[in-house]
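Chemist: This is the structure, below, for whatever I ask next.
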Amino acid sequence: MNWDDLRFVLALSRHRSHNRAAAHLKATHTTVARRLRALEAALGTRLFDRTPDGYVPTSTGHEVALAAERVEAELLGLEARVLGGDARLQGKLRVTTMDIFVRRYHAAFRTFTERNPGVELTLTCTDQEASLTRREADVALRMTNRPPDNLVGRKVGRVEFAVYGQRELVRRLERSRSGLGALPWLHWDERLDPRWLDAWLGLRAPGAKVALRVDAPSLALRELVAAGIGVHFLATFEGDTDPRLARIGRVEHDFSRELWLLTLPELRGTTRVRAFLDHMEQALRRDARGAR
């Protein structure tokens with residue numbers, strides 16, 4: 001058994017489907033199926049059961065997946081230590097963040113690439129948190145009030161939220177003097193476990209009608225609000241600067257989130273990681289001062 005075999009077991013154990021495992025491995029779903037069949041034949045045992053919830057490891061498959069995780073951790077740790085000792089201001093740097101921060105801080109990303117032409121910067125924009133431990137990214141620009149214990153970083157700001165709606169929709173609300181419950185609302189897909197919003201609506205907007213449920217990145221959400229389909233929470237730096245939108249009510253400070261630049265401890269001394277952290281921290285702090 002070699003690491004290449006273990007990668008396929010680990011991917012299917014984590015993602016539970018041939019298609020998702022293939023996307024993670026940059027392979028085809030037929031390759032995933034073929035490699036798993038060949039490994040099961042070589043071992044003489046079944047590693048996964050197919051269930052309504054996807055492919056679930058058997059007891060043997062679970063043992064193999066755990067071993068694969070240990071091997072992966074060793075290899076990634078070695079890679080991080082080697083990269084951490086790299087004193088050159090060149091090479092690849094992968095950064096994960098959300099699209100709202102790319103829109104707000106695009107100038108900072110541009111000036112970093114201009115000043116550091118030897119660094120090949122890759123941006124991953126997703127509302128899902130990439131794993132730095134599994135080296136899905138080297139640096140994360142992330143909203144969190146509790147950074148993971150295994151990461152180190154710098155707090156560079158705070159993001160506030162409020163309810164926004166299409167400007168004309170808000171005018172009608174003000175003329176009718178109705179409450180928030182009279183407005184159509186955008187809501188999160190039930191698979192995202194949006195109980196916090198259910199509780200807030202029950203308290204602040206009783207009887208509110210859900211016009212549309214979404215599982216979409218923040219840009220799509222803002223466009224749906226601007227189209228007048230419904231109202232929803234947006235970051236104030238997004239909602240306040242969009243002329244199509246109007247804020248409804250006060251800023252909800254209970255929902256505010258700290259903004260952090262995070263990396264692995266073994267990477268923080270890497271020249272290009274440190275250069276990126278320093279550059280972005282300065283740029284984001286200047287932006288925060290200018291916004292006041």
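Just so you know, all these numbers are worked out from the coordinates, no wet-lab data involved. None of these values were measured; they are calculated from a predicted model. Backbone-built Cβ (ideal geometry, glycine too); neighbour counts: all protein chains shown.
Chemist: Through the Karplus equation 6.51 cos²θ - 1.76 cosθ + 1.60, θ set to phi - 60°, convert the phi angles of the stretch 195-200 into ³J(HN,Hα) values in whole Hz; use x for Gly and Pro.
Modeler: Each residue of the stretch 195-200 in turn: 5, 4, 6, 4, 5, 5 Hz.
Chemist: Let me ask something additional. Just flag the trypsin sites (Lys or Arg not before Pro) in the stretch 169-202 sitting in loop per DSSP whose Cβ has no more than 10 other Cβ atoms within 10 Å.
Modeler: The qualifying sites are ARG177.
Chemist: If you don't mind, another one. What full-extension length gain, to one decimal in nm, is calculated for SER256 and ALA107 as 0.36 nm per residue of separation minus the Cα-Cα distance?
Modeler: 51.2 nm
Chemist: Using just the alpha carbons, could you tell me how many Å³ per residue the convex hull of the stretch 1-140 encloses?
Modeler: Given the Cα convex hull of the stretch 1-140, per-residue volume reads 122 Å³.
Chemist: Quick check on the chain: of the DSSP beta bridges with both residues there, what percent are antiparallel, nearest 5%?
Modeler: Percentage antiparallel, nearest 5: 60.
Chemist: 222 nm [θ] for the chain, helices only, -39500 (n - 2.57) per DSSP H run of 4+, per residue, to 500?
Modeler: Details: 11 runs with 132 residues, N = 292.
For the chain, the value works out to -14000 deg cm²/dmol.
Chemist: If you don't mind, there's one more thing I want to ask. May I have the extent of the alpha carbons of the stretch 220-292 along their three principal axes, as whole Å values ordered from largest to smallest?
Modeler: Answer, in whole Å and largest first: 47, 25, 23 Å.
Chemist: Determine which lysines satisfy two conditions relative to LYS26: a Cα distance under 20 Å, and not lying fewer than 8 residues away in the same chain.
Modeler: Of all the lysines, those that pass the test against LYS26 - Cα under 20 Å, at least 8 places apart if same chain - are LYS92.
Chemist: Excluding ALA226 itself, what net charge comes from residues whose Cβ is under 12 Å from its Cβ, given Lys and Arg +1 and Asp and Glu -1?
Modeler: -1
Chemist: When only DSSP loop residues count, what trypsin sites (Lys or Arg not before Pro) in the stretch 209-270 have their Cβ near at most 11 other Cβ atoms within 10 Å? Could the numbers behind the result be given before it?
Modeler: Numbers: sites: LYS209, ARG213, ARG222, ARG244, ARG247, ARG250, ARG257, ARG268; in loops: ARG244, ARG250, ARG268.
Taking the stretch 209-270 and a limit of 11 other Cβ atoms within 10 Å, the loop trypsin sites (Lys or Arg not before Pro) found are ARG250.
Chemist: Could you give the nm distance between label points at ARG14 and THR144, where each point is 7 Å from its Cα heading toward the beta carbon?
Modeler: Rounded to a tenth, the inter-label distance reads 1.6 nm.
Chemist: Give me the extension gain from THR30 to SER176: residue separation times 0.36 nm, minus the current Cα-Cα distance, reported in nm with one decimal.
Modeler: 46.7 nm
Chemist: Rounded, prolate or oblate for the stretch 1-54? Axes are the square roots of the Cα gyration tensor eigenvalues, ordered a ≥ b ≥ c, and the cut-off for rounded is a/c under 1.5.
Modeler: oblate
Chemist: Choose one of PHE276, ALA38, TRP185: the residue whose Cα lies farthest towards the positive end of the charge dipole of the chain (beta-carbon charges +1 Lys, Arg; -1 Asp, Glu; about the Cα centre).
Modeler: Sorting the options by dipole projection puts first TRP185.
Chemist: GluC sites (Glu not before Pro), restricted to the stretch 125-214: which are DSSP loop and have at most 10 other Cβ atoms within 10 Å?
Modeler: Qualifying residues, ordered by number: none.
Chemist: If contacts are Cα pairs under 8 angstrom and at least 6 residues apart, what is the relative contact order of the stretch 161-255 in percent?
Modeler: After rounding, I find 49 percent.
Chemist: With an 8 Å Cα cut-off and a minimum separation of 6 or more residues, compute the relative contact order for the stretch 3-83 in percent.
Modeler: Relative CO of the stretch 3-83 lands at 31 percent.
Chemist: For the chain, what ratio Rg/Rh do Cα atoms give with a Kirkwood hydrodynamic radius?
Modeler: Computed over Cα atoms, the ratio is 1.04.
Chemist: Another one. Relative contact order (percent) for the chain, with alpha-carbon contacts under 8 angstrom and 6 or more residues of separation?
Modeler: After rounding, I find 22 percent.
Chemist: How do VAL139, VAL251, VAL152 line up, fewest other C-beta atoms within 10 Å first?
Modeler: Exposure proxy ranking, most exposed first: VAL251, VAL152, VAL139.
Chemist: Quick one: grab Rg to one decimal and Dmax as a whole number for the stretch 161-255, Cα atoms only, in Å.
Modeler: 12.2, 36
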